[in-house]
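Notes for the one structure printed next.
The values are calculated or read from the model by the stated rules, or taken from the named source; none is laboratory data. Since this is a predicted model, take the numbers as computed values, not measurements. Every residue, glycine as well, gets a Cβ built from its backbone with ideal geometry; the counts of neighbours run over all protein chains shown.
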Amino acid sequence: MTELRPAGLLIDRVSKDLGGRRIVDDMQLEVHAGELTCLLGPSGCGKTTTLRMIGGFLQPDAGRILIDGADVSFLAPERRPTSMVFQNYALWPHMTVFKNVAFGLKLRKLPKKEIRERVEHVLELVGLTHHIQSYPARISGGEQQRVALARALVLEPKVLLLDEPLSNLDAKLRVRVREDIREIQQRIGITTVFVTHDQDEALSISDRIAVMSGGKVEQYADPRTLYREPATHFVASFVGAMNFYRATLHDNAIELPDGTRIACDGVSQNGAAPVEVGVRPEDVEVRTDGDGAEATVVREIPRGHYKELVLTVGGDEVRAFVGTEVTSPERLRVRFNRAVVYEGGSAVSEAKEPVATA
Amino acid sequence: MSAVEHQGTVLGELRQAELPVVAANRRRGPAAVKNASVKLLGAVVVTILLVFMVGPLVWLMLRAFSGLWQFPQFLPSTWTVQWWRSVFDDKNLAHSIKLSFEFAPVVTILSAVICLPAAYAFSRFNFPGRRVLLISLFATNAFPKIGLYVSMAGVFYTLNLMGTFMGVVIVQLIGTIVFMTWIPTAAFSAIPRSLEEAARDVGAGPLRVFFRVTFPLAAPGILVAMILSFLAAFDEAQGTFLVGIPNYITMPTEMYTLVLNYPEQAAAVFSILLAIPSVILMSFARRHVMGGRLAEGFQIR
C-alpha cells in the first residue's frame with residue numbers, strides 16, 4: 001500500500017424513499033479529506049441507507065454524492081472509489097483469507113507478485129499474516145472483522161465505509177477493535193464514514209459526528225462540542241445522559257413548576273414563559289450542607305468508578321453522577337454547574353463555539 | 001399449648017419420614033416406565049420400517065438369482081445366473097440401457113440451463129406473481145401424470161415431436177422442473193446478499209459476481225437438484241413410453257415389455273440394474289452434500 005491520496009466526500013441535499021417512506025430527507029453533509037465521520041442515530045434514522053448510497057448499493061432519489069469533486073451518484077458499486085466493511089463482514093466462505101483480500105486486485109489484473117505483496121502488506125497492517133491461508137470460518141469474529149477491513153483497504157479506496165462493523169463483537173473486543181480501526185485510519189489518513197448506533201463508539205473514535213434522526217442530520221460537530229452543546233433535544237437525549245426540566249429562567253437560577261429554585265450558573269432571565277432546560281448528570285453538584293435546593297435520595301446506583309444518585313427535587317427527578325467517596329444521607333442539597341436551554345427542541349442559550357458545518 | 005406443640009412435632013416427624021420415599025417413587029417410577037415404553041415403541045417402528053423398506057429389496061435379490069421357487073418354500077430350491085445372462089444378451093435391453101444413459105444427462109443439463117436462471121430470479125427478485133409461479137411448479141406433480149402426457153401427446157403430434165429424441169427429452173424435462181427450481185432457489189436464498197454486494201464493492205460486475213461468488217456457494221444445493229433431476233429423468237416411464245415408442249425405448253419403458261415377455265426373474269434382474277444409478281447417486285449425494293439442503297429446498301417463503 002503506497003500513499004493514499006485522501007479525498008473529500010460531499011452529500012449534497014440527498015433524499016431517498018424506500019417502501020413508500022422517506023428514509024433520508026434532504027441530507028447535507030461534508031466529510032473532509034482524511035477525516036473520520038460517524039453517522040450516529042437510532043435504527044431507522046437513515047444512517048445505513050446513507051452509507052449504502054455512498055457505496056452505490058442504492059441510488060438517491062434526489063441530490064448528488066460527490067467524491068473528490070466528482071459526481072458518483074449513479075455509478076455502480078464496482079465503479080466507485082469506495083470500499084465497504086459490512087456489518088456481517090461478508091467474507092466469502094469458499095475463499096481463504098488471502099483470496100478474499102486478493103479478489104479485488106485480481107479483478108484489476110495486477111501482476112501476481114504485486115498482488116501477493118499488497119495482500120501481505122495489508123494483512124500485516126491489520127495483524128493477520130499468520131492467518132493468510134485460513135478460511136473465514138476458522139478464525140474468530142474479531143479476526144474476520146480485520147480481514148474485512150484489510151479487504152477494503154487493499155484497494156486503496158478514496159473513501160472507506162464501515163457499516164456498524166463492531167456490532168457482532170463482544171464488549172471488550174469492540175473497544176479494542178475500534179481503537180485499532182481508528183489507529184489504522186489515522187496512519188493511512190483515509191477519509192472514512194462510520195455508521196453506528198453506539199454513542200460511546202462514536203464519541204471515542206470520530207473527528208466529527210453527524211447525529212441523525214428521521215433522515216436528517218440533527219447536529220454535525222466534533223465529539224466534544226456535540227457532548228457539551230447538544231444542538232437539539234434529540235441530540236442531548238441520544239448522546240450521553242441528560243436531565244430535562246420544564247422551568248422558568250432567572251438570573252443564575254431556574255425555577256421548577258412547583259416553585260423550587262435551583263441555582264444554575266450561566267442562565268439569565270428571558271421572560272416568564274417556561275422553557276426546557278437540560279443538565280448533564282455530571283454537572284449536578286451535590287452537597288451535604290450549605291446552600292442549594294433540597295433534594296431527597298431515591299436510589300443509589302453503583303457504576304464502578306463513580307456512582308449515580310437518583311434524587312427528587314421539588315417533584316422532579318434529578319440524576320447525578322458523583323464520586324464513590326460521596327456518602328449520601330437521605331437529604332442533600334443540589335445546584336447545577338451548567339445547563340443548556342432549549343426552545344422548540346433547539347438550543348438557544350450557551351455560548352456556542354462555532355459549529356463546523358462545511 | 002404443650003399438647004399442640006407435641007402434635008406438631010409428631011406430624012412433622014411423620015411427614016419427614018414419608019417424604020423421601022414418595023419423592024423417590026415420583027422421580028424414578030413413572031419416568032423409567034415411560035422411558036422403556038418409548039424405547040420399545042421405537043424398536044417396533046424401526047423393525048416395521050426395515051421390513052417394509054429392505055424386505056422387497058431382499059425378495060428382489062432372491063428372485064433375480066432363483067431357479068425353481070415354489071409357493072410354500074421359504075427359499076428358492078435352485079439358484080442360477082441365467083436371468084442375468086439373458087438380460088445382458090438381449091440386444092434390445094442393452095440398447096435401452098444405453099439410451100437411458102443418453103437421455104438422463106441431456107435432460108438434466110437442459111433442465112439446469114432453463115431452471116437455474118429462474119431459480120435465481122425467484123430467490124433474488126420480488127416480482128408480481130412470484131409466489132403463484134413458484135407454487136404452480138408443483139402443479140405438474142400434483143395430478144396423475146398420465147393425463148398430462150395424453151394431452152401433451154396431442155400437441156406433440158401437431159408439432160411432429162412424437163417418436164423423436166427431442167419429444168422424449170421434453171416429456172422427461174417436465175418431471176425435473178420442480179427439483180431444479182425449488183432446491184436451487186433455496187440454495188440461492190441461503191446466500192446473504194452482502195456476499196454479493198461485497199464482490200460488487202471490490203469491482204466485480206454482476207456476471208462475475210454470479211460465477212465467482214453466488215454459484216460456488218450454491219453449488220451443493222444445485223448438485224442435489226441435478227442428482228434428483230437425473231434420477232427423475234432416468235426413472236421416467238409413462239411419458240417416455242407414450243412419446244418415445246417405437247423409436248426410443250429406455251430402461252423403465254422396457255420394463256413393460258419385460259414383464260409381459262419374460263419370466264418375472266428377468267424383471268427382477270432388470271429392476272436391480274435400474275436401481276444401481278439411484279443407489280450410487282443417492283449415496284454420493286448423502287456423502288458430499290449437507291443433509292439439510294434437500295429439506296431446505298421446500299421451505300421457501
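Would you mind stating whether B:P220 is within 14 Å of chain A (Cβ to nearest Cβ), surrounded by fewer than 22 Cβ atoms within 10 Å (Cβ to Cβ) and free of Cβ contacts under 8 Å to residues at least 60 places away in the same chain?
It is false that B:P220 is within 14 Å of chain A (Cβ to nearest Cβ), surrounded by fewer than 22 Cβ atoms within 10 Å (Cβ to Cβ) and free of Cβ contacts under 8 Å to residues at least 60 places away in the same chain.
If I filter the range B:187-195 for residues that are among the hydroxyl-bearing types (S, T, Y), away from chain A (no Cβ under 14 Å) and under 19 Å from B:L110 (Cβ atoms), do I get at least one hit?
Taking the range B:187-195 and keeping what is among the hydroxyl-bearing types (S, T, Y), we get B:189, B:194.
Filter once more, keeping what is away from chain A (no Cβ under 14 Å): B:189.
So of that shortlist, the ones also under 19 Å from B:L110 (Cβ atoms) come out as none.
Within the range B:187-195, not a single residue is among the hydroxyl-bearing types (S, T, Y), away from chain A (no Cβ under 14 Å) and under 19 Å from B:L110 (Cβ atoms).
For the range A:254-275: of the residues being under 10 Å from A:A339 (Cα atoms) and surrounded by 19 or more Cβ atoms within 10 Å (Cβ to Cβ), which is modelled with the lowest pLDDT?
A:V267
Mind checking which residues of the range A:5-37 are more than 14 Å from chain B (Cβ to nearest Cβ) and free of Cβ contacts under 8 Å to residues at least 24 places away in the same chain? It would help to see each step written out before you state the result.
Our first condition is that a residue be more than 14 Å from chain B (Cβ to nearest Cβ); within the range A:5-37, this holds for A:5-17, A:20-37.
Scanning the range A:5-37 gives A:G20, A:R21.
Kindly check whether there is at least one residue in the range A:319-342 that is surrounded by fewer than 13 Cβ atoms within 10 Å (Cβ to Cβ), under 33 Å from the mean Cα position of the chain (by Cα) and part of a strand (DSSP E or B).
yes
Please state which one of B:V107, B:V51 is modelled with pLDDT of 90 or more and of a type in the set (V, I, T).
Testing whether each residue is modelled with pLDDT of 90 or more and of a type in the set (V, I, T) leaves just B:V107.
Any idea which residue in the range A:19-75 is modelled with the lowest pLDDT, counting only those that are part of a strand (DSSP E or B) and of a type in the set (S, T, N, Q)?
A:Q28
Of all residues in the range A:76-107, count the ones that are in a loop (DSSP other than H, G, I, E, B), farther than 13 Å from A:A152 by Cα and more than 8 Å from chain B (Cβ to nearest Cβ).
Number of matching residues: 2.
Being away from every other protein chain (no Cβ under 14 Å), of a type in the set (A, V, I, L, M, F, W, C), farther than 13 Å from A:D17 by Cα and touching a strand residue (DSSP E or B) at 6+ places or on another chain (Cβ under 8 Å) is the filter here; which residues of the range A:38-74 pass it?
A:C38, A:L39, A:L40, A:I65, A:L66, A:I67, listed by residue number.
With the checklist (1) assigned by TED's automatic domain parsing to the domain that holds A:V175; (2) crowded, with 19+ Cβ neighbours inside 10 Å in hand, flag the one item A:A247 doesn't pass.
Going through the list (1) assigned by TED's automatic domain parsing to the domain that holds A:V175; (2) crowded, with 19+ Cβ neighbours inside 10 Å, A:A247 breaks only (1).
Hey, any hits in the range A:132-140 for a residue that's touching a helix residue (DSSP H, G or I) at 6+ places or on another chain (Cβ under 8 Å) and within 11 Å of another protein chain (Cβ to nearest Cβ)?
Yes, the range A:132-140 contains at least one residue that is touching a helix residue (DSSP H, G or I) at 6+ places or on another chain (Cβ under 8 Å) and within 11 Å of another protein chain (Cβ to nearest Cβ).
Please work out which one of (1) assigned to a loop (DSSP other than H, G, I, E, B); (2) modelled with pLDDT under 80; (3) under 22 Å from B:L173 (Cα atoms) is the condition B:M290 fails and give its number.
All conditions pass for B:M290, except number (3).
Any residue in the range A:310-337 that is more than 16 Å from A:R287 (Cβ to Cβ) sitting within a Cβ distance under 9 Å of a residue that is part of a loop (DSSP other than H, G, I, E, B) and among the small types (G, A, S)? List the pairs, counting only those 6 or more apart or interchain.
Every condition considered, the pairs that remain are A:G314/A:G259; A:R319/A:A241; A:T324/A:G304.
Anything in the range B:154-191 that is in contact with a Phe, Trp or Tyr (Cβ under 9 Å, 6 or more places away or on another chain) and more than 17 Å from B:Q238 (Cα to Cα)? List them, or say none.
Residues satisfying the conditions are B:V178, B:T181, B:W182, B:I183, B:P184, B:T185, B:A186, B:F188, B:S189.
Report, by residue number, each residue of the range B:46-84 that is part of a helix (DSSP H, G or I) and either farther than 19 Å from B:A267 by Cβ or in contact with a Leu (Cβ under 6 Å, 6 or more places away or on another chain) (or both).
Residues satisfying the conditions are B:V46, B:T47, B:I48, B:L49, B:L50, B:V51, B:F52, B:M53, B:V54.
Could you tell me whether B:G154 is assigned to a loop (DSSP other than H, G, I, E, B) and out of contact with any strand residue (DSSP E or B) (no Cβ under 6 Å at 6 or more places or on another chain)?
No; evaluated as a whole, the condition is false for this residue.
Only one of these conditions is not met by A:A90: (1) crowded, with 23+ Cβ neighbours inside 10 Å; (2) within 22 Å of the chain's Cα centre (by Cα). Which number is it?
Exception for A:A90: condition (2).
For the structure I just gave you, tell me whether B:M180 is modelled with pLDDT of 90 or more and either closer than 17 Å to B:T253 by Cβ or surrounded by 15 or more Cβ atoms within 10 Å (Cβ to Cβ) (or both).
Criteria met by B:M180.
Quick one: which of A:L166, A:L110 is more than 18 Å from B:A198 (Cβ to Cβ) and either away from every other protein chain (no Cβ under 14 Å) or assigned to a loop (DSSP other than H, G, I, E, B) (or both)?
A:L110
For the range A:285-308, how many residues are in a strand (DSSP E or B) and closer than 23 Å to A:G259 by Cβ?
The number of residues fulfilling the criteria is 9.
Name every residue in the range A:286-298 that is within 10 Å of A:E330 (Cα to Cα) and not small (G, A, S), in order of residue number. So that I can check it myself, show each step before the final result.
Start the filter on the range A:286-298 by keeping residues that are within 10 Å of A:E330 (Cα to Cα), which leaves A:288, A:295-298.
Selection gives A:T288, A:T296, A:V297, A:V298.
Yes/no matrix, rows are residues, columns are (1) assigned to a strand (DSSP E or B); (2) over 15 Å from the mean Cα position of the chain (by Cα):
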| position | (1), (2) |
| --- | --- |
| A:D200 | no, no |
| A:L203 | no, no |
| A:V217 | yes, no |
| A:L226 | no, no |
| A:S237 | no, no |
| A:A247 | yes, yes |
